[in-house]
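Peer 1: Structure incoming, see below.
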Amino acid sequence: MKAVAIYPGSREVKLIDAPEPRLAGSADVRLRILDVGICGSDRELCAFKYGTPPAGSDHLVIGHESLGEVVEVGSGVSRLRVGDLVVPMVRRPCPHAACLACSADRQDFCFTGDYTERGIKERHGFMTEYVVDDERFMNVVPRALRDVGVLVEPLTIAEKALAQIQVVQQRLPWACPAPAGTRGAGCHRAVVLGAGPVGILGAMALVADGYETFVYSRGGGDSPRARVVAAIGATFLDAERVAPADLPQRVGAIDVVYEATGVSALAFDVLPLLGTNGVFVFTGVPGRAPAPRQIDTDGLMRNLVLQNQVVLGSVNASRADFEAAIRDLTTFKERWPDTLAALITGRFSIDAFAGQLLAPPADAIKNVIALS
Ligand code: BGC
C-alpha cells in the first residue's frame, strides 16, 4: 500500500510501498484512511526539523490529522463496528508506571517525555491507506461530519486550551452574563494570534463559547482567511496595518490571548498587552531563533503579579478534548456550513504529496490528502 515517509538519515521524503498492517491484538481495529490533513508540523517534519522513526526503522510514515473508516475489528473490540467513522488520537502513553499523567490516560501531560506520537515521534502515522490501532485511541465521528471530520484533530488543540482557560478562570468568583446558546464566556474578549487552521478553528470555538473574538494575522482584509473570520462573526485585524501595540486600543481589555503562530517574537510583543486577570495560552512550537531577543522582563513580571495574569502552554489533547471537538464541529457545521467547508481548500491524491508538503500554495487554509 502507498505511504508517505520521511528518511531523516538520508534527508529524503518519499512515496513508499509499505506492507498492509494486520490485526495483532484482540482490541485492535483496522482502518481504511479516508482523509489526512497537512499541517505546519508535517512541513517541519519534511524539512527534518524533528521527527523520529520507530525503533529499528530508517523511516517514519507521517500524517497525524486523520479520518478513517473501521473495516475490521478484533474479537475483544466493544465500542466500534465495521463502517464507523473514527478519528484516532495522536499521542500514546509512555511505558513508565510512575508517570501519573500517562497512568491516568492523560498522556497529553506526560511527565517523562517518553510518550510516542503517531506520525511524529517513534510511531508511524496515518498518511497511508490502512492502519491498525487499539480501539481505546479511537473517537467515533458522526457520518454527517464525513466531509470535515479531518478537522477534528487540529480543533482538539483549541479544545484543550479552552478547557484549561476555563479551569484557570474558575479562580474568578463571578460569572459574566452568558449569551444564549453559548458555554458562557460572556463579557470576555479574546485575541487569536494567527489565522492558520489551528487559529481559525480556535476562533470558531471562542465565538461559539460567547467570546468577542479578534483574529490578528497577516494576509490582508480581503484574503480567504479574513473572509472566514468575518463570516463567523469575529473581527480580522491585519497585522500589516495594525501594530501589536495598538491591539488594546482596537480590542479593549484583552481577557484571553490564544497564540497559534509559533512565532515567539510576535507572542512576546503581545504578552505585555494582556489585560487584568487575563490568560495567555501558547500553542505554537517555534523553531530555534537565529539570535536571542531582548524582552522587558521587569515589565512582564510586574504585569503578571499586579494584574493576576496567567501564562500557560498547551500541547496535544485528551480524549475529552477529542469528544468536545467532535461536538463542536457538529455545532460549527450547523451554524456556519459553508464557512466550515471552505476551510478545506484542496483535496489531493497521495501521489501529489510532494507539492502539498514541500511547496504549499500561499492562500491554502487546510489541504488534505484524500485516500478514497
Ligand atoms: C499535533 C499534536 C502534537 C504536537 C507536538 C501537533 O502538530 O497536532 O498532536 O502533540 O504537534 O508533536
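The values are calculated or read from the model by the stated rules, or taken from the named source; none is laboratory data. What you are looking at is a predicted structure, and each value in this text was computed from that prediction instead of being measured. Here Cβ is always computed from backbone atoms with ideal geometry, including for glycine, and neighbour counts include all displayed protein chains. Heavy atoms of the whole protein, side chains included, go into the accessibility calculation; ligands, DNA and RNA do not. Shrake-Rupley method; radii C 1.70, N 1.55, O 1.52, S 1.80 Å.
Peer 1: Suppose the filter is in contact (Cβ under 8 Å) with a residue 12 or more places away in the chain and more than 16 Å from the ligand (Cβ to nearest atom); does Val82 pass it?
Peer 2: Criteria met by Val82.
Peer 1: Also, quick follow-up: Could you please tell me which pairs satisfy a Cβ distance under 9 Å, a separation of 6+ or placement on different chains, a first residue in the stretch 101-127 that is open to solvent by 70 Å² or more (accessible area, probe 1.4 Å), and a second residue that is near the ligand (Cβ under 10 Å from one of its atoms) and among the aromatic types (Phe, Trp, Tyr)?
Peer 2: Glu122/Tyr115
Peer 1: Now, a different point. Considering Arg143, Arg106, which residue is more than 11 Å from the ligand (Cβ to nearest atom), within 14 Å of Leu85 (Cβ to Cβ) and not hydrophobic (A, V, I, L, M, F, W, C)?
Peer 2: Within the list Arg143, Arg106, the selection yields Arg143.
Peer 1: Only one of (1) within 16 Å of the ligand (Cβ to nearest atom); (2) modelled with pLDDT under 95 is not met by Asp209, so which one is it?
Peer 2: (1)
Peer 1: Hey, another quick one. If I ask for residues that are open to solvent by less than 50 Å² (accessible area, probe 1.4 Å), over 18 Å from Asn139 (Cα atoms) and in a helix (DSSP H, G or I), which ones from the stretch 319-340 would you list?
Peer 2: Of everything in the stretch 319-340, those that are open to solvent by less than 50 Å² (accessible area, probe 1.4 Å), over 18 Å from Asn139 (Cα atoms) and in a helix (DSSP H, G or I) turn out to be Phe332, Thr339, Leu340.
Peer 1: Here's something else I'd like to know. Determine the pairs where a residue that is touching a residue at least 60 places away in the same chain (Cβ under 8 Å) and among the hydroxyl-bearing types (Ser, Thr, Tyr), located within the stretch 38-51, has a partner that is in a loop (DSSP other than H, G, I, E, B) and within 11 Å of the ligand (Cβ to nearest atom) with Cβ atoms under 8 Å apart, the partner being 6 or more residues away or on another chain.
Peer 2: Every condition considered, the pairs that remain are Ser41/His64; Ser41/Ile120; Ser41/Val285; Tyr50/Ile120.
Peer 1: Being in a loop (DSSP other than H, G, I, E, B) and within 16 Å of the ligand (Cβ to nearest atom): is that true of Gly25 here?
Peer 2: Criteria not met by Gly25.
Peer 1: I would also like to ask the following. Using the structure shown, decide if Gln307 is exposed (fewer than 12 other Cβ atoms within 10 Å of the Cβ) and farther than 23 Å from Pro197 by Cα.
Peer 2: Against the criterion (exposed (fewer than 12 other Cβ atoms within 10 Å of the Cβ) and farther than 23 Å from Pro197 by Cα), Gln307 does not qualify.
Peer 1: What about Ala5, is it under 30 Å from Ala289 (Cβ atoms), surrounded by 15 or more Cβ atoms within 10 Å (Cβ to Cβ) and in contact with a Leu (Cβ under 8 Å, 6 or more places away or on another chain)?
Peer 2: Numbers: under 30 Å from Ala289 (Cβ atoms): yes; surrounded by 15 or more Cβ atoms within 10 Å (Cβ to Cβ): yes; in contact with a Leu (Cβ under 8 Å, 6 or more places away or on another chain): yes.
Criteria met by Ala5.
Peer 1: Of the numbered conditions (1) without any contact (Cβ under 8 Å) to a residue 60 or more places away in the chain; (2) away from the ligand (no atom under 15 Å from the Cβ), Leu31 fails exactly one; give the number of that condition.
Peer 2: Answer for Leu31: the failing condition is (1).
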